[in-house]
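Novice: Submitted below is the structure of interest, expressed as structure tokens.
Laboratory data are not the source of any read-out in this text; all were calculated from the coordinates shown. Nothing here was measured: the structure is a model prediction, and the numbers come from that model. Backbone-built Cβ (ideal geometry, glycine too); neighbour counts: all protein chains shown.
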Amino acid sequence: MAAHPGRPVRDITPNASLHSLQECNNCLVTETPTLRERRRTETWNALHDAAAELVLEHGMGAVSIDRITEAAGVSPRTFFNYFPSKQAAVLGVRDPHLPDCLLDDFDPAGDLVTQTTHLLLAVLRTATPHEDVARRRQLTAAHPELQSLRMHAVEEARRLLAEALTERLADHQLVAAADAPAEELVSLLVTAAAAVLQHAHRHPVAGSRTAGALLTEADVDHALEFTHHLWRNTL
């Protein structure tokens with residue numbers, strides 16, 4: 001697709017400033033956890049695995065919290081230290097959070113769309129830490145009511161990120177140039193990031209992942225390159 005004649009083309013391709021951001025993203029899963037953190041993760045996984053497998057086998061109505069905790073080998077009182085409801089345990093979802101290290105590497109002078117996309121992906125992954133995407137899809141297909149939990153986590157992730165970026169970009173030149181509140185600019189950025197991730201989910205790079213696997217960096221980078229190409233040649 002050719003660029004419009006006479007229209008200046010802005011360089012909005014991903015740049016090297018993202019290296020530290022992606023390194024920080026990786027540190028979320030490679031940092032050595034404490035013994036207490038490992039035990040909490042093991043208990044969380046045990047409860048989720050038990051809940052998911054029991055519901056797949058017997059159905060949502062036939063599975064109680066007592067049955068889940070018995071299968072996981074923990075006391076019923078422990079359950080609510082990890083999940084607010086049976087449905088949350090079945091889906092393996094929790095409240096998302098935005099780690100400080102990600103914001104520390106955010107560069108307001110860099111490529112805002114690319115950075116926002118990687119940030120949103122990192123925050124979304126804190127809400128669904130379990131990697132069995134195929135089972136999660138099987139559960140939501142069998143029990144559509146679980147979709148509301150997933151959508152709530154997505155909206156909360158977007159809200160957290162928008163709130164943090166609004167503060168970071170309050171004095172950004174784009175805000176002044178647009179003569180609009182920072183909230184409006186950030187809302188558009190987060191919406192664009194969500195669209196990029198949705199495209200990456202629907203159009204993975206050939207050979208980048210198998211069915212039911214997590215979204216890869218290659219998928220995200222490919223979607224971002226496509227987005228930048230589109231914008232360079234249409235804006």
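Novice: Label ASP66 and GLU37 with points 7 Å out from Cα along Cα→Cβ: what is the distance between them in nm?
Specialist: The modelled label-to-label distance comes out at 3.7 nm.
Novice: Still on this structure: Nearest 0.05, what FRET efficiency do HIS201 and LEU230 give at R0 = 22 Å with Cβ-Cβ as r? Write down the numbers at each step before the final one.
Specialist: Numbers: r = 18 Å, r/R0 = 0.80.
Rounded to the nearest 0.05, the efficiency is 0.80.
Novice: Then there's this: Largest first and in whole Å, what are the equivalent-ellipsoid semi-axes of the stretch 156-235 based on the Cα gyration tensor, each being the root of 5 times an eigenvalue?
Specialist: Computed over the stretch 156-235, the values are 28, 16, 8 Å.
Novice: Further question: What is the ratio of the Cα radius of gyration of the stretch 28-118 to 2.2 N^0.38 Å, with N the residue count, to two decimals?
Specialist: Ratio of Rg to 2.2 N^0.38 Å for the stretch 28-118: 1.43.
Novice: Whole-Hz ³J(HN,Hα) for each residue in the stretch 47-55, computed from phi via Karplus 6.51 cos²θ - 1.76 cosθ + 1.60 with θ = phi - 60°, x for glycine and proline: what do you get?
Specialist: 5, 5, 4, 5, 5, 5, 5, 5, 5
Novice: Would you mind computing Rg(Cα) / (2.2 N^0.38 Å) for the stretch 98-235, counting N as its residues?
Specialist: 1.12
Novice: What does the convex hull of the alpha-carbon atoms of the stretch 86-162 project to on average, in nm²?
Specialist: Orientation-averaged projected area of the Cα hull: 5.4 nm².
Novice: Next question. Full-extension gain between ARG150 and ASP95, please, as 0.36 nm times their residue separation minus the C-alpha to C-alpha distance.
Specialist: 18.8 nm
Novice: Separate question: Would you please put 77-85, 48-56, 114-122 in order of how densely packed they are, using the mean number of other Cβ atoms within 10 angstrom per residue and starting with the highest? Don't jump to the answer; show the numbers that get you there.
Specialist: On the way: 77-85: 14.4, 48-56: 21.3, 114-122: 24.7.
Packing proxy ranking, top to bottom: 114-122, 48-56, 77-85.
Novice: Looking only at the stretch 189-207, which residues have a backbone nitrogen under 12 Å from a spot 7 Å from the Cα of THR216 in the C-beta direction?
Specialist: From the stretch 189-207, the list is 204-207.
Novice: Continuing with this model, one more query. Going toward the positive end of the dipole of the stretch 47-197, with +1 on Lys and Arg Cβ and -1 on Asp and Glu Cβ, which of ILE68, LEU189, HIS58 do you reach last?
Specialist: HIS58
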